[in-house]
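Structure record follows, encoded as structure tokens.
Every number in this text was worked out from the coordinates using simple rules, so none of it is lab data. The model shown is predicted, which means the values in this text are computed figures rather than measured ones. Quick reminder, even Gly has a Cβ in these numbers, built from the backbone with ideal geometry, and neighbours come from all protein chains shown.
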Amino acid sequence: MKILITGGAGFIGSHVVRLFVTKYPNYTIHNLDKLTYAGNLANLSDVENLPNYKFIKGDIVDAEFISDLFKNENYDAVIHLAAESHVDRSITNPLEFVMTNVIGTVNLLNAAKELFKKESSKFQKFYHVSTDEVYGALGETGMFTEDTSYDPHSPYSASKASSDHFVRAYHDTYSLPVVISNCSNNYGPNHFPEKLIPLCINNIKNNKPLPIYGKGENVRDWLYVIDHAVAIDAIFHNAKTGSTYNIGGHNEWTNINVIRLLCKIMDEKLNRQMGTSEKLITFVKDRAGHDLRYAIDSSKLQNDLGWVPSVTFEQGLNLTVDWYLNNEEWLNNVTSGNYANYYEAQYNKR
Ligand code: NAD
Ligand code: DAU
């Protein structure tokens, strides 16, 4: 198969690209990424020379470019992860989220539809990677299932919900073979340090305040990023056309308890006196429209495809902290902005 993965230089996308290029050497994987601030080709330095991998720099908002790419490459499938992904950024710049997450997705759908209807087409799957945030917020009890109604609250989740609706509309209107998954909060290596866990790892390391929104009582359902990539692989290969799968680890934590656990792990690893890092916790103004609680019921995925998370939260958080402590250069390059030069150095000279 020849598969286009979008957003493969980002956090989750890089783990999906790595899994596919190494597990399926007979597949050809094209990674299409605009390399926004969130895209970092250093995430894929270990696989960038594999013969079945190719990086393509491009913007999914550019309809003509996307249309030409599909015409020239005759893909068998798309796994679409490219997006603006940070809720706080969506509150200050909603339009950017509409452009990439909605218009960009529709551009891909249009190109896939044109390819799919050709006599000579081999196109068989448009896999859209989405989020549990489309379902809105839960109270103290309950879980999101695949049948939960959409009720997004942030510009980010509204843009992702819109893209999900377009994907289903292309299935119902044009019979495009689509699959959608909605996943809970990911954490792990290569996570951009604007998001809660990597931000706090970096701040603990540098003895800086740990900003906790509101009282830290909001609940998120955390999943190790490699478990998400493995779920995407299972769904991509086995899900019925038109189906949706929720992905989550049954792993709910209040934000304050996540950060307390992280402080404990880092005090141990940095040989600091227990309790040192917790003193950095600083409660700050709450996020506007802050969803109280997310919790994913992933029993459909577990029952249909036998997927289960491979690590507990404590194990995954330990692996994550180890990764950040062992990859200081990655972290320094990301926080200083130097990582943007990776593309120039590695790709422009080819
Ligand atoms: P990320 O922000 O780390 O990466 C996004 C990638 O998309 C970057 O490499 C960026 O350069 C690229 N990109 C952005 N705009 C683009 C454009 N216009 N054209 C081409 N490429 C562009 O995001 P992530 O956390 O890895 O999330 C990946 C996907 O998974 C997103 O669709 C997100 O909504 C979804 N998701 C994320 C989480 C999570 O916890 N991070 C959970 C569930 C679902
Ligand atoms: O649920 C899936 C979603 O998880 C994905 O779709 C998004 O792309 C991803 O960014 C993530 O969204 P969140 O808003 O939940 O993640 P974030 O790391 O930004 O915040 C996690 C929680 O921590 C949330 O309740 C807000 C809070 N928070 C966040 C930051 C950045 C803080 O208390 N302080 C912070 O500085």
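Across the stretch 123-164, Cα-Cα pairs farther apart than 15 Å form 44% of the total. Which residues does a label at E73 reach in the stretch 1-17, if reach means a backbone N under 14 Å from a point 7 Å past the Cα toward the Cβ? Only 1-9, 17 pass the distance filter. The trypsin sites (Lys or Arg not before Pro) of the stretch 209-251 meeting both criteria, a DSSP state outside H, G, I, E and B (loop) and at most 10 other C-beta atoms within 10 angstrom of the site's C-beta, are K240. Cα centroids of the stretch 28-59 and the stretch 127-154: 30 Å apart. Result for the chain in a Gaussian network model with C-alpha springs under 10 Å: among E329, E133, E194, the largest mean-square fluctuation is at E329.
So how strong a dipole does the stretch 70-182 carry about its Cα centre when Lys and Arg Cβ are +1 and Asp and Glu Cβ are -1, to the nearest 20 debye? Before the final figure, lay out each step's value.
On the way: 9 positive and 15 negative charges, 121 e Å.
Dipole magnitude for the stretch 70-182 comes out near 580 debye.
Of the residues N206, N31, N52, the one that moves most in a GNM of the chain with alpha-carbon contacts below 10 Å is N206.
Can you tell me which of R18, R293, R89 moves the most in a GNM of the chain? Springs connect C-alpha atoms under 10 Å apart. In the Gaussian network model the winner is R89.
When the Cα gyration tensor is reduced to axis lengths a ≥ b ≥ c, the ratio a/c is 1.5 or higher for the stretch 242-350, and with a/b not above b/c it is classed as oblate.
Of the trypsin sites (Lys or Arg not before Pro) found in the stretch 100-176, the ones in coil according to DSSP and having at most 14 other Cβ atoms within 10 Å of their Cβ are K117, K118, K122. Scaled against the 2.2 N^0.38 Å expected of a compact globular protein of N residues, the Cα radius of gyration of the stretch 156-287 reads 1.33.
Quote the FRET efficiency, to the nearest 0.05, computed for T22 versus E328 with a Förster distance R0 of 25 Å and r equal to the Cβ-Cβ distance. Present the calculation step by step, with values, prior to reporting the outcome.
Numbers: r = 25 Å, r/R0 = 1.00.
The formula returns an efficiency of 0.50 here.
For S243 and I56 in the same chain, what is the full-extension length gain: residue separation times 0.36 nm, less their Cα-Cα distance, in nm? Let's see the in-between values first.
Working: separation 187, 0.36 × 187 = 67.32 nm, distance 2.90 nm.
Roughly 64.4 nm would be gained on extension.
In a Debye calculation with equal point scatterers on the alpha-carbon sites of the stretch 125-199 and no solvent, what is log10 I(q)/I(0) at q = 0.14, 0.21, 0.26, 0.28 Å⁻¹? Relative scattering, expressed as log10 I(q)/I(0), comes to -0.55, -1.02, -1.21, -1.26. Tell me the angle of helix 196-205 to the major Cα principal axis of the chain, expressed in degrees between 0 and 90 and rounded to the nearest ten. Roughly 50 degrees, rounded to the nearest 10. Could you let me know the centre-to-centre spacing of the stretch 238-308 and the stretch 325-339, using Cα atoms, in angstrom? Computed from Cα coordinates, the inter-centre distance equals 23 Å. With distances taken between every two different alpha-carbon atoms, the chain has a Kirkwood hydrodynamic radius of 20.7 Å.
Just the Kirkwood number for the stretch 297-350, please: inverse of mean 1/r across all distinct Cα pairs, in Å, one decimal.
Details: mean 1/r = 0.0687 Å⁻¹.
About 14.5 Å for the stretch 297-350.
With contacts taken as Cα pairs under 8 Å at a separation of at least 6 residues, the chain carries a relative contact order of 17 percent. The translational diffusion coefficient of the stretch 155-233, from Stokes-Einstein at 37 °C and 0.692 mPa s with a Kirkwood hydrodynamic radius over alpha carbon pairs, comes to 212 µm²/s.
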